[in-house]
Amino acid sequence: KTVGIVGCPFSGGQPKEGVDEGPIKMIEYGLIDQLVEMGWSVEFDGHHKFTEFRPAEDPNIGKLKKPRYVSRVTKAVAESVESHLKKGHLALTLGGDHSLALGTVSGTFAAYPDACLIWIDAHADINTPESTESGNLHGCPVSFLLAVDGLINEEITEFSWLKPRLRPDRLVYIGLRDVDPPEKEILKKYGIKAFSMYHVDKYGIGKVVEMALDAVNPDRDRPIHLSFDVDGLDPTVAPSTGTPVRGGLTFREGHYICEAINETGLLVSVDIMEVNPTLEDEVSVFETVTVGCSLVRCCLGESLL
Ligand SMILES: CN[C@](CCCC[B-](O)(O)O)(CCN1CCCCC1)C(=O)O
Ligand SMILES: [Mn+2]
Ligand SMILES: [Mn+2]
Ligand SMILES: [Mn+2]
């Protein structure tokens, strides 16, 4: 079994420096050797050089910041992910900010139209070009990916390469605790399944993961794309990330999600996003980068016994 690593040193979907170093640090910390040690053959032809994609001019489109840069980069990511998947490999995308999911999820659904998407995050990342307050595209990817009418106005031709293939009933969230009011409306309007930290507290992570799978993969026969924003974890567990929110998933809850999804045997594509190894001190950086690497190992079959 082969895992194709898509290294994405990219920060264009948000304003903080440093998140582009996330993939570089995870590889530097020995992730490839760890996976080889586990029996995986690893295909990694180096990190993408996205700086070459940066346009000279990239004025805002409405409120959206760096739309052209994000569009070009995520189109390339979609192609990389799709090509790994079409060769029968598991795709592992290392971010980089979460706008990269515009590419990873597009790539997965191009290869596996019948897939479902499990989104681990403090945030829903479902703002539209109209509803976003920040204009940061890492807060928007899901709205572009959903195959529904009325979310993205056609005027935004920048993302015309993106064919929305994600049905609302194939998306489920775990870990939400910082959702903007317009995002709450969108979740309700499309009946999107969302397990917040309230549900994690109420039912426990084991039951929440089971309910999440029942919602989007009732017969356990659909390929799974797991998009894991490390800010879904509590900031005491993953401090080095751009938009930390208290009251998140414990170290074990985060790893349990990966272990349980590995156990389904249906995982085809994983993103580990928003690791920013420049925030703030070296202990925080060490903790966050090593958590990113251990989440990957749990997705790929590492078990405690
Ligand atoms: C909740 N939405 C935010 C954060 C998006 C985080 C993206 B992720 O990839 O890290 O999950 C925040 C918007 N708020 C900022 C403070 C004022 C109210 C709006 C946004 O910028 O859209
Ligand atoms: Mn490959
Ligand atoms: Mn996110
Ligand atoms: Mn987030």
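Of all the residues that make up region 246-262, how many are crowded, with 19+ Cβ neighbours inside 10 Å and closer than 19 Å to residue 180 by Cβ? Qualifying residue count, region 246-262: 1. Across region 138-191, what is the number of residues that are assigned to a helix (DSSP H, G or I) and modelled with pLDDT of 95 or more? Looking only at that region, the number is 20. Residues in region 241-278 that are in a loop (DSSP other than H, G, I, E, B) and of a type in the set (S, T, N, Q) were compared, and the one that is nearest to ligand 4 (Cβ to nearest atom) is 243. The lone criterion from (1) buried (at least 17 other Cβ atoms within 10 Å of the Cβ); (2) more than 17 Å from residue 271 (Cα to Cα); (3) away from ligand 2 (no atom under 16 Å from the Cβ); (4) in contact (Cβ under 8 Å) with a residue 60 or more places away in the chain left unmet by residue 50 is number (4). Residues in region 1-14 that are more than 26 Å from residue 65 (Cβ to Cβ) and either of a type outside the set (D, E, K, R) or in a helix (DSSP H, G or I) (or both): 2, 3, 4, 5. Would you check which residues across region 191-239 are in contact with an Asp or Glu (Cβ under 6 Å, 6 or more places away or on another chain) and of a type outside the set (A, V, I, L, M, F, W, C) and list them? If the condition is that a residue be in contact with an Asp or Glu (Cβ under 6 Å, 6 or more places away or on another chain) and of a type outside the set (A, V, I, L, M, F, W, C), then 222, 227, 229, 231, 232 are the ones that fit.
Any residue that is assigned to a strand (DSSP E or B), more than 16 Å from ligand 4 (Cβ to nearest atom) and in contact (Cβ under 8 Å) with a residue 12 or more places away in the chain - is there at least one of those in region 204-226?
Step one: filter region 204-226 for residues assigned to a strand (DSSP E or B), giving 224-226.
Next, from what is left, pick out any that are more than 16 Å from ligand 4 (Cβ to nearest atom): 224-225.
Narrowing further to those that are in contact (Cβ under 8 Å) with a residue 12 or more places away in the chain: 224-225.
The answer is yes; a qualifying residue exists.
Each row is one residue, and each column tells you yes or no for (1) among the aromatic types (Phe, Trp, Tyr); (2) away from ligand 2 (no atom under 16 Å from the Cβ); (3) without any contact (Cβ under 8 Å) to a residue 60 or more places away in the chain.
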| residue | (1), (2), (3) |
| --- | --- |
| 19 | no, yes, no |
| 26 | no, yes, no |
| 59 | no, yes, yes |
| 71 | no, yes, no |
| 76 | no, no, yes |
| 90 | no, no, no |
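Pairs are defined by a Cβ separation below 8 Å, a sequence spacing of at least 6 or placement on different chains, a first member in region 93-118 that is among the acidic types (Asp, Glu), and a second member that is within 16 Å of ligand 1 (Cβ to nearest atom) and part of a helix (DSSP H, G or I); the pairs so defined are 97/19; 97/138.
Considered as a group, the residues in region 168-185 that are touching a Leu at 6+ places or on another chain (Cβ under 7 Å) and surrounded by 19 or more Cβ atoms within 10 Å (Cβ to Cβ) include one that is farthest from residue 116 (Cα to Cα), and that residue is 175. Residues in region 227-240 that are in contact (Cβ under 8 Å) with a residue 60 or more places away in the chain and outside any strand (DSSP E or B) were compared, and the one that is nearest to ligand 4 (Cβ to nearest atom) is 231. When the criteria are applied in full, residue 297 meets the requirement of being of a type in the set (Lys, Arg) and assigned to a helix (DSSP H, G or I).
The values are calculated or read from the model by the stated rules, or taken from the named source; none is laboratory data. All of these numbers come straight from a predicted model, not from anything done at the bench. Cβ atoms come from the backbone with ideal geometry, glycine included; neighbour counts cover every protein chain shown.
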